[in-house]
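First comes the structure, then the notes that go with it.
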Amino acid sequence: MAKILIVEDDPLMSRLYQKIFTFEGYAIDIATDGVEALDKVRKDKPTLILLDIMMPRMNGLEFLGKVKSDPDTKSIPVVILTNLAGQQDAERGITAGAVKYIVKSEYEPKQIANMVKEIIAGYTRDEVPKTN
């Protein structure tokens, strides 16, 4: 089962996405800031990380830089899920290694879940048994 780490400091948003992805059949873990998330990523190696940018202690871009500079975690896909809608923010996130930059207010939660499912399918397709 694919595991998603949701890194979000807003309890309402983290519960919303936790419910959606649990319903979709994913194992979910939650971190409320970049420091906690970094510890969980190193211990648990999630299949995918959903990352907010504006957080206490360590923001999302700092966290992303640490994940992508670590050989043990750099291959984990990171999807930035934020309300920062600026073009510069998106470019910084993608340049830092995120596979997608999603502005929360522009999509329904179900649309975001579908985008994440497609990304996970793309990253885990090599794990599908081959038929003869």
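The values are calculated or read from the model by the stated rules, or taken from the named source; none is laboratory data. In this text, all values refer to a predicted model and were calculated from it rather than measured experimentally. All Cβ positions, glycine included, derive from the backbone under ideal geometry; neighbour counts span all protein chains shown.
For the reader, a short list of remarks on this structure follows.
- Single residue of the range 86-108 satisfying the filter (of a type in the set (A, V, I, L, M) and part of a helix (DSSP H, G or I)) that is surrounded by the most Cβ atoms within 10 Å (Cβ to Cβ): Ala90
- Matching entry among Lys45, Lys66, Lys3, Lys19 (being among the charged types (D, E, K, R) and in contact with a strand residue (DSSP E or B) (Cβ under 7 Å, 6 or more places away or on another chain)): Lys3
- Residue check, Asp44 of a type outside the set (S, T, N, Q) and over 20 Å from Ile120 (Cα atoms): no
- Filter result (farther than 18 Å from Ser69 by Cα and either out of contact with any strand residue (DSSP E or B) (no Cβ under 6 Å at 6 or more places or on another chain) or β-branched (Val, Ile, Thr) (or both)) within the range 92-103: Ile102, Val103
- Taking the criterion of being within 13 Å of the chain's Cα centre (by Cα) and of a type in the set (S, T, N, Q), the only residue of the range 78-104 that qualifies is Thr82.
- Considering the conditions (1) exposed (fewer than 14 other Cβ atoms within 10 Å of the Cβ); (2) closer than 15 Å to Ile6 by Cα; (3) not aliphatic (A, V, I, L, M), Asn114 is excluded by exactly one of them, (2).
- Exactly one residue among Ala90, Ala2, Ala96 is modelled with pLDDT under 95 and out of contact with any Phe, Trp or Tyr (no Cβ under 9 Å at 6 or more places or on another chain), and that residue is Ala96.
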